[in-house]
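Colleague: So that we are looking at the same thing, I have put the structure below in structure tokens.
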Amino acid sequence: VALFVVAVSGQFLNPRSIMRGKRSMAAPIEPGAIPDRSLTPGATRPVAINDVCSMLHEEVVRPVSASLRQQVFQEYGIAAVHPDDYEIDYLIAPGLGGAEDIHNLWPEPYQTPTWNARVKDALEERLHQSVCAGKLNLSTAQRDIATDWIAAYKKYFRTDKPVS
């Protein structure tokens, strides 16, 4: 009986079992929500904080040229494209020093129900504001969003699901 009590109490006190419970509450990650790291590891350009913060985030985002868009779709093996299905997105946004480079672009789906382009846009704005407010180092923001933008969203919004 004592061994049973120890085993059961250990299950409740085990941090891994607590983490498993937390993960099950998280919103699932849909296919296509995260870029292929071998194709899109992220790329930055040299930029000063003053340059990043002198313009609003919306003013810094540049449209991707048609030829570069086509190259990104081709690289990802997407042949038939409806314009409303994807945003060719910067993994590291220009407002955070992201470069207009094939290694920083990916076809981000609009249609995934949870982790989509609109959710990532909210993260980009949050990071831009935090960097410009001096609350976050630019290189940390770049690294976090390039490594795993969904994990970065969860970290900076302090939630496992996108905020409405």
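Colleague: What list of ³J(HN,Hα) couplings, whole Hz, do you get for the range 63-75 from phi and the Karplus terms 6.51, -1.76, 1.60, once you set θ to phi - 60° and write x for glycine and proline?
Modeller: With coefficients 6.51, -1.76 and 1.60, one gets x, 7, 4, 4, 5, 5, 4, 4, 5, 5, 4, 4, 4 Hz.
Colleague: Using amide H atoms built in the peptide plane, which far-off residues or other-chain residues are under 5 Å from TYR86 H to H?
Modeller: Result for TYR86 returns TYR110.
Colleague: Also, I was wondering about something else. To the nearest µm²/s, what D does Stokes-Einstein give for the range 60-125 at 4 °C and 1.567 mPa s, using the Kirkwood radius over alpha carbon pairs as Rh? All intermediate terms of the calculation are to be shown ahead of the outcome.
Modeller: Working: Rh = 12.2 Å.
The estimated diffusion coefficient comes to 106 µm²/s.
Colleague: Further, regarding this structure: Rounded to the nearest 10 Å², what accessible area does HIS103 show when all protein chains are kept and the probe is 1.4 Å?
Modeller: Taking all protein chains as shown, HIS103 has close to 90 Å².
Colleague: From largest accessible area down, sort LEU96, LEU136; use a 1.4 Å probe on the protein chains. The partial results should precede the final answer.
Modeller: Details: LEU96 0, LEU136 30 Å².
Ranked from most to least accessible, the order is LEU136, LEU96.
Colleague: With a 1.4 Å probe and all protein chains left in place, how much accessible area per residue does the range 33-148 have, in Å²?
Modeller: On the way: 5780 Å² over 116 residues.
Ligands and nucleic acids excluded, the figure is 50 Å² per residue.
Colleague: From Cα coordinates alone, what are the radius of gyration and Dmax values for the range 70-164 in angstrom?
Modeller: Here Rg and the maximum Cα pair distance are 13.7, 43 Å.
Colleague: Given charges of +1 on the Cβ of Lys and Arg and -1 on the Cβ of Asp and Glu, with all other atoms neutral, how large is the dipole of the range 44-164 about its Cα centre, in debye to the nearest 20? The partial results should precede the final answer.
Modeller: Values: 12 positive and 17 negative charges, 98 e Å.
My answer is approximately 480 debye.
Colleague: Amide H of LEU91: which non-local residues (sequence gap of 5 or more, or other chain) have their own amide H closer than 5 Å, using H built in the peptide plane?
Modeller: HN-HN under 5 Å from LEU91: LEU105, TRP106.
Colleague: Further, regarding this structure: If amide H atoms are built 1.01 Å from N in the plane of the peptide, which residues on other chains or at least 5 residues away come under 5 Å of the amide H of GLY97?
Modeller: Amide H neighbours of GLY97, under 5 Å, 5+ apart: none.
Colleague: Now for a different question. Out of the GluC sites (Glu not before Pro) in the range 75-111, which ones are loop residues according to DSSP with at most 16 other C-beta atoms within 10 Å?
Modeller: Working: sites: GLU75, GLU87, GLU100; in loops: GLU100.
Here the sparse-neighbourhood loop sites are GLU100.
The values are calculated or read from the model by the stated rules, or taken from the named source; none is laboratory data. Everything numeric in this text was worked out from a predicted model, so none of it was measured. Virtual Cβ from ideal backbone geometry, glycine too; neighbours counted across all protein chains shown. The protein model used for the area step is the full one, side chains on, heavy atoms only, and it has no ligands, DNA or RNA in it. Shrake-Rupley method; radii C 1.70, N 1.55, O 1.52, S 1.80 Å.
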